[in-house]
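Just below is one structure, and these are the notes that go with it.
What follows draws every value from the coordinates through simple rules; no lab data is involved. What you see is a predicted model; the values in this text were computed from it and never measured. Here the Cβ positions follow ideal geometry from the backbone for every residue, glycine too, while neighbour counts run over all protein chains shown.
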Amino acid sequence: MSALSFLFLASCSTWMSQAQTEFKRVAEANVTLPCHHRLYLPEPTSLDIEWLLKDSEADPKVVITYSGGNIYTGTNEEQKGRVSFASNYLSGDASLEISFLQPSDAGQYTCKVKNAGQYEWTHITLKVLEKPSKPKCWQEGEMSEGREISLHCNTVSGTKPIMYIWQRIDEDGKVGSLPPIAHINFSNPAQILMKNLTTMATGLYQCTASNEAGQNSCDVKVTVQFAGAACGVMGGPSLVFLAVWLTIKRKEKKKYEEETPNEIREDAEAPKARLVKPGSSSSGSRSSHSGSSSTRSTANSASRSQQTLSTEATPHITPTQHSQVEIGGREIEPKKINHSNLMKIEATPTMVPAQSRAFQTV
């Protein structure tokens, strides 16, 4: 076996041992991909170094090259100005340094060294981890007692897989566990469900999205309202409407009463007729001087009772009232009613106490 064949096999065994090398770095960080060789010894002037990147595209991209004593950057515009040799490549260290890593830098890198017909390869897989972006938190549903709500959390970017963790923050800012009514949706861990809400579920809830690169979080406020408070909110407009309606009705009634002050209301009680007997004042005054004060009071009460009963018994007859009756085609004028006869008629059906009758005969 020639020396060249032995060197080729040695380099292949080195390549095979380094094929499993993998680097994980967070985005925006720096990384150095190692590449050590022994081909600088034979003829340093004929040394060639080339770094290639194979990503999702079919053809590999040239990252950086040293050839004929000059350094050339590759055709990958996304890495321009961010790649360089990390050490003295002429003395056997052709490591590659990439600064300010971007997700597009991820892929399989190959370091190929050639000198005097001899080759060495080094393969490295680079993974660029991007931490989750700032997630967005929101709630859906009615936040009142007995109802059901769901809390949601979502981040738009970040290296998969991304884990979501929900916690509740107390008034002191300390992280605590979720209430018993909160359940994680296992088909979508970024969502939790809460049924049969109570006021104990009120609080600040925090969602944390995390992966290997880091984490970010967001908050959502839950305020469960009393059932009575919800009814009060619904009944408020009704009370306002009722108050306005009553005010309008009161103004309409007042306006009606002002416009019709002299009209007799239908539900008002008709005034009672009073019948005054001629000469009652003089005769009553003469008889009242002869009796005692108690007797005078009793007589006046009896007299008023007789007047009231007589008026109610004949409400449509007055001393000056005349009526005409037509009999056989002739109008007959009734006789005028004598006041003394009227008094006798009125006195007949009235029950007068014995004491009152005694005073009347005097």
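Worth a mention:
- Here the label points at Val240 and Lys54, each 7 Å from Cα along the C-beta direction, are separated by 7.3 nm in the simple model.
- Listed peptides 135-146, 96-107, 245-256 by packing density, highest first (mean Cβ within 10 Å): 96-107, 135-146, 245-256
- A compact globular protein would have a Cα radius of gyration near 2.2 N^0.38 Å; the ratio found for the stretch 38-196 is 1.73.
- On the beta carbon distance between Gln167 and Glu142, with R0 = 22 Å, the FRET formula returns roughly 0.40.
- Label-point separation in nm, Ser67 to Leu193, each point 7 Å along Cα→Cβ: 6.3 nm
- Filtered chymotrypsin sites (Phe, Trp or Tyr not before Pro), the stretch 157-211: DSSP coil and at most 10 other beta carbons within 10 Å: Phe186
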